[in-house]
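The values are calculated or read from the model by the stated rules, or taken from the named source; none is laboratory data. These numbers come from a predicted model, not from an experiment. Ideal geometry is used to build each Cβ from the backbone, glycine not excepted, and the neighbour counts take in all protein chains shown.
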Amino acid sequence: MSSLALTRRATLAVFPALILVTALAGQSALAQPGLSVRNIRVDVAPLRANAGDPTATWVAQDLPAALAQAQADRGGASAPISVRIDYVNLGPSSGGICGPSPDQIIGAVTVGGVTRPLRASTSYFPSPIDQAMIEQSNRDRVSQLVQAFAYWAVRGV
């Protein structure tokens with residue numbers, strides 16, 4: 001076997017692992033220690049009824065830290081915040097008709113006794129590797145939606 005064929009096989013074997021490590025490193029960089037989630041309440045019961053698990057579990061795991069980070073980024077405002085997530089809509093995994101696939105997270109945010117509806121969206125650009133790792137791909141898409149939702153949730157605080 002030629003060295004070119006060995007190099008290509010080695011590259012193809014390492015590439016998925018590299019993507020996974022990069023994604024995990026990016027998520028852990030967002031979760032900074034010391035951020036307070038005491039004043040943050042997240043209700044995913046409506047989402048669990050609509051989408052089930054693991055989507056509801058992923059949102060419940062990621063959203064408190066994302067909200068705390070978004071509050072810290074806005075100047076450390078730690079006003080009590082309550083969030084209810086109703087729906088997570090992931091577009092087709094193959095992408096949209098002529099481009100990215102739209103993903104949405106829909107819910108409500110309550111700050112200071114005032115509740116306002118909130119919808120955040122991201123665009124998913126399909127990759128051939130996503131078809132082989134569909135659960136990880138969906139996990140990454142939900143994580144991106146949570147980050148977008150948290151950003152907009154603290155804008156009104």
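Details
- From the options Y151, Y87, residue that is in a strand (DSSP E or B) and modelled with pLDDT of 90 or more: Y87
- Hey, I40 at pLDDT 50 or above and either surrounded by 14 or more Cβ atoms within 10 Å (Cβ to Cβ) or under 19 Å from the mean Cα position of the chain (by Cα) (or both) or not: yes
- Tallying residues that are touching an Asp or Glu at 6+ places or on another chain (Cβ under 7 Å) and either at pLDDT 85 or above or within 25 Å of A79 (Cβ to Cβ) (or both) within the range 124-148 yields 5.
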